[in-house]
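The values are calculated or read from the model by the stated rules, or taken from the named source; none is laboratory data. What you see is a predicted model, and the numbers here were worked out from it, not measured in a lab. Because the Cβ atoms are built from the backbone with ideal geometry, glycine has one as well, and the counts that use them run over all protein chains shown. Areas reflect the complete protein model, heavy atoms only, side chains present, ligands, DNA and RNA absent. Shrake-Rupley method; radii C 1.70, N 1.55, O 1.52, S 1.80 Å.
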Amino acid sequence: MVCSRCKMVVKSELEKLGLQLLAVDLGEVETIEPISAHQKSEIAEHLKSFGFELIDDKKSRLIDKIKTLIIELVHQQNAQLNSNLSDYLSKHLAQDYSSLSNLFSEVEDTTIEKYFINQKIEKVKELLLYDELTLSEIAFQMNYSSVAYLSNQFKKVTGFSPSHYKQLKDKKRRQIEDL
């Protein structure tokens, strides 16, 4: 689950299956009663039709938490960090960043930093499409040190300058979970 709508769908579908929920958060569900193996497979099959999958092993859960923290940071907090990304993740996950980074790279075939940059660029694309902010305002909001740095990173990721991207008729955006 990577967005609030995902949480709503999962909550609704689990309630339809008769589960009593304590909490539904990004990537996590807490139930009042323990779930049997049969219920777990039923839930997995039901949620699969919505494009969700159950994450059961420790490594997958940790990677999902990393992604969730980054998505929340970029899409809800506008990438406003009080420290650097490695400290932010280490603090929230209570683990050494190098082990988080190694695991993420091993499983996802990309680095945490590249994943973070891709999320930021998708958010920039969204803000460009809304056409409510100048590029300077977007750079400031997304915590870039300058418009030039944002433009350079945007071009590296998309192949277009931000101004050229704005002019495209068929703007290609990617879904968060596909990044």
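Of the helices (runs of 4 or more DSSP H) that lie entirely inside the range 128-171, those containing 2 or more residues that are over 20 Å from residue 77 (Cβ atoms), of a type in the set (A, V, I, L, M, F, W, C) and in contact with a helix residue (DSSP H, G or I) (Cβ under 7 Å, 6 or more places away or on another chain) span 147-158. On the given criteria, is residue 101 open to solvent by less than 50 Å² (accessible area, probe 1.4 Å), polar (S, T, N, Q) and either touching a Pro at 6+ places or on another chain (Cβ under 8 Å) or farther than 15 Å from residue 71 by Cα (or both)? Considered against the rule, which asks whether it is open to solvent by less than 50 Å² (accessible area, probe 1.4 Å), polar (S, T, N, Q) and either touching a Pro at 6+ places or on another chain (Cβ under 8 Å) or farther than 15 Å from residue 71 by Cα (or both), residue 101 comes out as yes.
Scoring residue 75 on the criteria (1) open to solvent by less than 70 Å² (accessible area, probe 1.4 Å); (2) more than 19 Å from residue 3 (Cα to Cα); (3) of a type outside the set (Lys, Arg) leaves a single failure, condition (2). Checking every residue in the range 32-44 against the condition of being touching a strand residue (DSSP E or B) at 6+ places or on another chain (Cβ under 8 Å) and at pLDDT below 95 gives at least one match. Residue 81 falls short of the stated requirement of being out of contact with any strand residue (DSSP E or B) (no Cβ under 9 Å at 6 or more places or on another chain) and either open to solvent by less than 30 Å² (accessible area, probe 1.4 Å) or more than 26 Å from residue 120 (Cβ to Cβ) (or both). Determine whether the range 43-60 contains at least one residue that is under 23 Å from residue 158 (Cβ atoms) and either assigned by the TED database to the domain that holds residue 157 or open to solvent by 60 Å² or more (accessible area, probe 1.4 Å) (or both). Among the residues of the range 43-60, not one is under 23 Å from residue 158 (Cβ atoms) and either assigned by the TED database to the domain that holds residue 157 or open to solvent by 60 Å² or more (accessible area, probe 1.4 Å) (or both), which makes the answer no.
Scanning the range 103-137 for residues that are in contact (Cβ under 8 Å) with a residue 24 or more places away in the chain and aliphatic (A, V, I, L, M) yields 103, 107, 112, 117, 121, 124, 128, 129, 135. The residue list 63, 43, 32 contains one member that is touching a residue at least 40 places away in the same chain (Cβ under 8 Å) and not acidic (Asp, Glu), which is 63.
Only residues that are under 21 Å from residue 3 (Cα atoms), of a type in the set (Val, Ile, Thr) and open to solvent by less than 30 Å² (accessible area, probe 1.4 Å) were counted in the range 110-158, giving 3.
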